[in-house]
Structure formats: structure tokens, C-alpha cells
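Chemist: I have a structure here, written as C-alpha cells, and I will follow up with some questions on it.
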Amino acid sequence: MNMKTISEVKRASEPELLALPDVVSVGIGLDEKENQVIVVGLAKENERTLALIPHNLGNYPVIVKITGTSRAQ
Amino acid sequence: MKAISLTASFQSLKKGVLMDTVISSIIPLLGSVRESLMSRKNVVATGIGYKTASGKKTGELSIICSVERKEPVSRLTSSDLLPKTVDGISTDVVATGRIRAFQPPTGRFRPAPGGVSIGHFEITAGTLGCLVHRNGELFILSNNHVLANSNDASVGDAILQPGPYDGGLNPADKIAELAEFVPITYSGSSSSCPVANSIADVCNFLASVTGSDTRLQAVHVQGADNLVDAALARPINPADLQNDIHGFGSIADTAEGTLGMAVKKSGRTTGLTTGEIQQIDVTVNVSYGAGRVARFHDQLIAGAMSQGGDSGSAVLDNSNHLVGLLFAGSDETTVINRIQNVFSLLGVTL
């Protein structure tokens, strides 16, 4: 069985995720149980975008965080 | 229950009175030997505190001698050796480094360490990251948007310390010249694709011959390859720079930023702050103002630990290993270039 790594799954999925309105980032983080998850960052609450983000990609959970827009500082 | 509480309070009071008595006896003793202790090599401060043994604080009050650095006994003359006790009171030697008067990072520093205000003469201000080397030559490392005005600067332009917003003037405060920068590709910026530009040229020619005043322009729909927001400046005089990070001391080495790693930075606006790496391998869109957005790959994200003006700060782990170059953030996040990408693209080392 050739299971893709979380980085491979993230990279394959991020063009579609980043094309969704208000999605500003896609990365790899940890959940409360220290399991690796795909983290999707949103500039602001967007119900329609939230409904389009899957709960899992490959075998990896996806969590959404409202991060705001990142600006050069 | 109440009786136990009263007993505990009494014991605590008794212990406090005892400690006050010991301190009261050490103060005049320290006063009588202070000049002698302060005159010895490397001693920068004397005071009263708990003695540390094997890295752990003990309950024993002692005379603490702070030294700029610890040196082997063999390198000290007998007159510079600190006594182990003074009238039965133990001494302790603690290395604190040189103690300097506090100066905010927005001020003028000569020599200038990492963590202080700097900027291209046409920007507001950012942060001097750290010093790096290439082929034996010394350079200042910070962001493109700090040293190279977000691609709009020319090699040789004046770099001021402090930055213009903090009162830096050209040429009085010129500390370096722009040496090199990694260009940032913005979403929506002009495309360098010859095919797309040729198609646009043909369409624009047809538009002009038909009398239309509408034109096409080939643009990047996303910045495909941004890894870093980084630039180098060549110091006018290397002696104007200090190979330290303001408030943190020297950089030990580089390290890979990992999930959950505790990190810290010293920056022009928010000074010394700490955070934790919350995400790795991040692809993120970053706003550069005036409608310009750039997409960056392979970034680190930490919690909020910076504000405008902190860009360019070196991000260190708790052992002073350099893990990244801070360049962007939101109310919730701080976005950091991996230092491995920065060093690789600029061909530099510590």
C-alpha cells in the first residue's frame, strides 16, 4: 500500500483550497492530541467556504482557523 | 483547618524574619568588600541572592558576583580570583555578559546589533535581522521589503540605522548599501511569459487598428515560487555592526523550525517576544499593500508575536539557534521564512 504523506496530500490539495474565497493559507499543524492535521487559514468567517472545505483529505483531518489576512510587517 | 493555616502562616512569618536578619547582616559586610570585589577582572555587579549549585537554586543566601564571562582559574591572577566566602558568607559567580544601559530598538546604535531599527531610505522602518557571511565578507540580513523597498530599490541604495520613521537621515545615519535581494513575485504582476505577452501584443495591435482603447496585459495569477522575503546590505564599516541579537546575545547556530518549538524574536516595534511554531510547510498569501499580494511556500507560522516594523527579525529557538526570518503576520499569526531557504537563496552562512 502506497499511502501519501501529509505533505504530499497538502500540496496536491492546496491549489483548490487557496482558490476558495477568503482562504489565505494551508499548512500542517497539530490537533489537541498532537496528531498532524492540515490547517486551512481563513481571512474571515465565510459559511459558504466552510461548507466547501472537506473534513478530511486523504487520511488526514482538516481543521479551519480564522487567522485574518497576513500583511508584510 | 484554620489552626493549620495559622501555623503555616506563623512558620512563613518566622522564616521571613530570619531571612531579613541574614540579609541585614550581609548588607554591611558586602558594603565593606564591594570595592575590592568590583575591582577584579570581569566583575560587573555585586549583590545578595540565593546561591546556585549544580544549576539549581539553593536556600542559602550568598554574595553574588556577576561577571562579564567566566574564565578558567589558570588565566586569572591571584588578585583577580574571587574568594569562596567572605566572613563565613558564601559567594557565587554568575556570568551575565556585559551590562549596558537600556536603549530602545528604535534608537541609533553603533555598533548596531540584530533586533534594532533599520530600513532602505525610502521606507518607514523594519528590523535588522542578523549578520551573515559570504566568501568571508560580512552582510546585514533582513527582508526585501525592509532593505530593497519591495523590489523597488537599486543595488547601492542607502540603508539607514535607525530607519527613516525612527529619525534616520541620509547620509548621516547610512550604515550600509543594498547589496542583493531575492525579488518577490506578486499575484497580478506583469508576466515574463513570452507566449502570453505575444498573444497580448497581437490582441492589442488588433484593438488599436479597430479603434478600441481597451488593452490586454499578461499577468501572473499567482506568485508561483516565492520562498523568502530577504535581502542583504553591505556595511559601510563592519565595525559599525555587532554580531549579537539585542537582548538575546549571540546566535549559536541554525536549526530547523519544528511543530511545537518555542521561539523568540527581538524586533524594532515589539521588542523581545516569544511564541510557538504552530504550522510548518505553509503556503500563504501575504498582502504588501496597494493591492499587491504574494504567495509564499514552505513557510513557518507561529502565534501572534509581532507587529508592523518587526519585519526582518531573526527568529531563534530557546538555545539561540536561528530558525527563521520574520516577515509578515496578522492579528493571530506570525509568518516566518525558513532560514534554510534564506541562506540557500542568498548563498550565505552565519
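The values are calculated or read from the model by the stated rules, or taken from the named source; none is laboratory data. Bear in mind the structure is a predicted one, so any value in this text is a computation, not a measurement. Every residue, glycine as well, gets a Cβ built from its backbone with ideal geometry; the counts of neighbours run over all protein chains shown. With ligands, DNA and RNA removed, areas are computed over all heavy atoms of the protein, side chains included. Shrake-Rupley method; radii C 1.70, N 1.55, O 1.52, S 1.80 Å.
Chemist: If you go through the range A:29-52, how many residues are buried (at least 18 other Cβ atoms within 10 Å of the Cβ) and farther than 20 Å from B:Gly257 by Cα?
Modeler: 3
Chemist: Could you pull out the residue among B:Ile175, B:Ile184, B:Ile123 that is part of a strand (DSSP E or B) and surrounded by 15 or more Cβ atoms within 10 Å (Cβ to Cβ)?
Modeler: B:Ile175
Chemist: Sticking with this one: Out of the range B:313-350, which residues are in contact with a Phe, Trp or Tyr (Cβ under 7 Å, 6 or more places away or on another chain) and under 20 Å from B:Asn243 (Cα atoms)?
Modeler: B:Leu316, B:Asn320, B:Val348, B:Thr349
Chemist: I've got another one for you. Name, by its number, the condition in (1) under 20 Å from B:Glu332 (Cα atoms); (2) more than 10 Å from every other protein chain (Cβ to nearest Cβ); (3) open to solvent by 80 Å² or more (accessible area, probe 1.4 Å) that does not hold for A:Glu16.
Modeler: Unmet condition: (1).
Chemist: State which residue pairs qualify: first residue closer than 21 Å to B:Leu345 by Cα and inside the range B:143-171, second residue assigned to a loop (DSSP other than H, G, I, E, B) and hydroxyl-bearing (Ser, Thr, Tyr) in any location, beta carbons under 8 Å apart, and separation of 6 or more residues or different chains.
Modeler: From residues that are closer than 21 Å to B:Leu345 by Cα, the pairs are B:Asn143/B:Ser311; B:His145/B:Tyr288; B:His145/B:Ser311; B:Val146/B:Ser311; B:Ser150/B:Tyr288.
Chemist: From B:Gly49, B:Gly97, grab the single residue that is open to solvent by less than 60 Å² (accessible area, probe 1.4 Å), outside any strand (DSSP E or B), small (Gly, Ala, Ser) and touching a residue at least 24 places away in the same chain (Cβ under 8 Å).
Modeler: B:Gly97
Chemist: Mind listing whichever residues of the range B:286-335 are hydroxyl-bearing (Ser, Thr, Tyr) and more than 7 Å from chain A (Cβ to nearest Cβ)?
Modeler: Passing the criteria: B:Ser313, B:Ser319, B:Thr334.
Chemist: Can you tell me which residue in the range A:58-73 is farthest from B:Thr333 (Cα to Cα), limited to those that are within 13 Å of another protein chain (Cβ to nearest Cβ) and part of a loop (DSSP other than H, G, I, E, B)?
Modeler: A:Gln73
Chemist: Would you mind stating whether A:Leu57 is modelled with pLDDT of 95 or more, over 30 Å from B:Gly312 (Cα atoms) and crowded, with 19+ Cβ neighbours inside 10 Å?
Modeler: Criteria met by A:Leu57.
Chemist: Tell me yes or no: at least one residue of the range A:25-33 is at positive phi and either within 9 Å of chain B (Cβ to nearest Cβ) or assigned to a loop (DSSP other than H, G, I, E, B) (or both).
Modeler: Within the range A:25-33, none of the residues are at positive phi and either within 9 Å of chain B (Cβ to nearest Cβ) or assigned to a loop (DSSP other than H, G, I, E, B) (or both).
Chemist: Evaluate the following for B:Ser330: is it in contact with a Ser or Thr (Cβ under 6 Å, 6 or more places away or on another chain), within 13 Å of A:Arg71 (Cβ to Cβ), free of Cβ contacts under 8 Å to residues at least 40 places away in the same chain and surrounded by 23 or more Cβ atoms within 10 Å (Cβ to Cβ)?
Modeler: For B:Ser330, the condition - in contact with a Ser or Thr (Cβ under 6 Å, 6 or more places away or on another chain), within 13 Å of A:Arg71 (Cβ to Cβ), free of Cβ contacts under 8 Å to residues at least 40 places away in the same chain and surrounded by 23 or more Cβ atoms within 10 Å (Cβ to Cβ) - is met.
Chemist: Being open to solvent by 30 Å² or more (accessible area, probe 1.4 Å) and within 21 Å of B:Gly31 (Cα to Cα) is the filter here, so list the residues in the range B:69-94 that pass it.
Modeler: Once the filter is applied, which keeps residues that are open to solvent by 30 Å² or more (accessible area, probe 1.4 Å) and within 21 Å of B:Gly31 (Cα to Cα), the range B:69-94 yields B:Ser79, B:Asp80, B:Leu81, B:Leu82, B:Pro83, B:Lys84, B:Thr85, B:Asp87, B:Gly88, B:Ile89, B:Val93, B:Val94.
Chemist: Within the range A:39-57, is there a residue that is polar (S, T, N, Q) and within 11 Å of chain B (Cβ to nearest Cβ)?
Modeler: no
Chemist: Considering each of B:Thr274, B:Thr254, B:Thr258, B:Thr283 in turn, give the residue that is open to solvent by 40 Å² or more (accessible area, probe 1.4 Å), more than 23 Å from B:Asp166 (Cβ to Cβ) and touching a helix residue (DSSP H, G or I) at 6+ places or on another chain (Cβ under 6 Å).
Modeler: Selected residue: B:Thr254, the only one of B:Thr274, B:Thr254, B:Thr258, B:Thr283 that is open to solvent by 40 Å² or more (accessible area, probe 1.4 Å), more than 23 Å from B:Asp166 (Cβ to Cβ) and touching a helix residue (DSSP H, G or I) at 6+ places or on another chain (Cβ under 6 Å).
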